[in-house]
Amino acid sequence: MHIVHEPKITLLARQAFLGAPHIRWESDSDVAAQVTSEFAGRLCYLSFGPDAGFEGGHRLISGRTTNEEYLQNILRVRHGSVLEHGVWTFLFEGVSRALTHELVRHRHFSYSQLSQRYVDESDVAFVLPPEIREGTDAYDMWKESCEQALDAYRRLLAIIEEQVKDEPSKTLRRKRARQTARSLLPNAAETKIVVTGNTRAWRHFIELRGSPSAETEIRILAIAVLRMLQQEAPSLFGDYRITMGEGGVETVETEYQSV
Ligand SMILES: Cc1cc2nc3c(=O)[nH]c(=O)nc-3n(C[C@H](O)[C@H](O)[C@H](O)COP(=O)(O)OP(=O)(O)OC[C@H]3O[C@@H](n4cnc5c(N)ncnc54)[C@H](O)[C@@H]3O)c2cc1C
């Protein structure tokens, strides 16, 4: 039986800022999400500088600040829609179905998750909950329980495959067996999911799931995501401080909460 000890987090995609050829404006940032958000914010007040070249007779005002200062102010005044123009896609592997059940409650993300109806889970891995240490009674009990569940999955799968053997479609035959057998898999079963979200949605997720009251596995994931996004876009995520929380699990703080 395979046991997963930590999530694998991959940044799959980020956006590109193409700019508008007819507008004379440049940000001092080269991070597409930051530049796109700055552009969107400046459009609200036409603060691109007087020579930017917009048509329509409006008066353009000067664009004084740096990208970092500009986005800090957006966060401070909670001009949240501006943050929706920066987008990232992550691949999460080695996470439990328990974690993804909590993750998919976040309604502003887009998801594509491994199908337990389509994919055979006979050799599925199990994600060790962070509270359980190897070499303890809790570990032995947890491992034994996962092994029993996997054995039951395989046996039920074989029974249902036999039961539906007259189903002409091979795909449907497999789906019917797998969708039935998966009911025996525990929350610890490993899964993979692709998640796309904008800055505002990622910030909300990080605040809720990086907090001391969040479940430990998703908290570890949220903080790992935050670290990657802080590297990616410091003007959009640099306000968060990561501190050591109770039980040796990190937690997140910011003064610009729930933008
Ligand atoms: C510590 C913790 C414990 C939890 N325990 C439970 C539990 O026991 N049972 C349970 O069912 N869930 C539980 N949840 C999940 C929680 O209720 C939320 O579903 C989840 O955190 C998603 O966050 P969100 O609702 O803020 O919204 P998201 O979907 O992330 O949306 C972000 C924001 O958009 C706005 N929004 C989105 N949709 C709507 C809407 N339909 N109407 C109005 N505003 C909207 C809200 O302002 C919302 O905060 C828990 C979450 C945490 C962090």
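The values are calculated or read from the model by the stated rules, or taken from the named source; none is laboratory data. Please read all numbers here as calculations on a predicted model, not as lab measurements. Ideal geometry is used to build each Cβ from the backbone, glycine not excepted, and the neighbour counts take in all protein chains shown. When the accessible area is computed, the model is the full protein with side chains, heavy atoms only, and any ligands, DNA or RNA have been set aside. Shrake-Rupley method; radii C 1.70, N 1.55, O 1.52, S 1.80 Å.
Structure notes:
- With respect to the conditions (1) in a helix (DSSP H, G or I); (2) surrounded by fewer than 22 Cβ atoms within 10 Å (Cβ to Cβ); (3) small (G, A, S), A177 lacks only one, and its number is (2).
- Test: residue in the stretch 106-117 that is small (G, A, S) and surrounded by 14 or more Cβ atoms within 10 Å (Cβ to Cβ): no
- Looking only at the stretch 228-244, and only at residues there that are over 18 Å from the mean Cα position of the chain (by Cα) and surrounded by 16 or more Cβ atoms within 10 Å (Cβ to Cβ), the one that is modelled with the highest pLDDT: S235
- Selection status of L12, open to solvent by 50 Å² or more (accessible area, probe 1.4 Å), of a type in the set (A, V, I, L, M, F, W, C) and within 30 Å of D123 (Cβ to Cβ): yes
- Residue list for the stretch 205-221, filter: within 17 Å of V95 (Cβ to Cβ) and within 10 Å of the ligand (Cβ to nearest atom): F205, L208, R209, G210, A214, E215, I218, R219
For every residue, the table says whether it meets (1) under 23 Å from R200 (Cβ atoms); (2) without any contact (Cβ under 8 Å) to a residue 60 or more places away in the chain; (3) in contact with a Cys (Cβ under 7 Å, 6 or more places away or on another chain).
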{"site": "G41", "(1), (2), (3)": "yes, yes, no"}
{"site": "Y45", "(1), (2), (3)": "yes, yes, no"}
{"site": "A52", "(1), (2), (3)": "no, yes, no"}
{"site": "Q72", "(1), (2), (3)": "yes, no, no"}
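- Each residue in the stretch 63-81 was checked for being in a loop (DSSP other than H, G, I, E, B) and surrounded by 11 or more Cβ atoms within 10 Å (Cβ to Cβ), and 5 of them qualify.
- Filter result for T171 (part of a helix (DSSP H, G or I), at pLDDT below 95, more than 16 Å from the ligand (Cβ to nearest atom) and of a type in the set (V, I, T)): yes
- Residue pairs whose Cβ atoms lie under 6 Å apart, sitting 6 or more positions apart in sequence or on different chains, and linking a residue in the stretch 9-23 that is within 21 Å of I218 (Cα to Cα) and modelled with pLDDT of 95 or more to a partner that is not in a strand (DSSP E or B) and not basic (K, R), are I9/A224; L11/M228.
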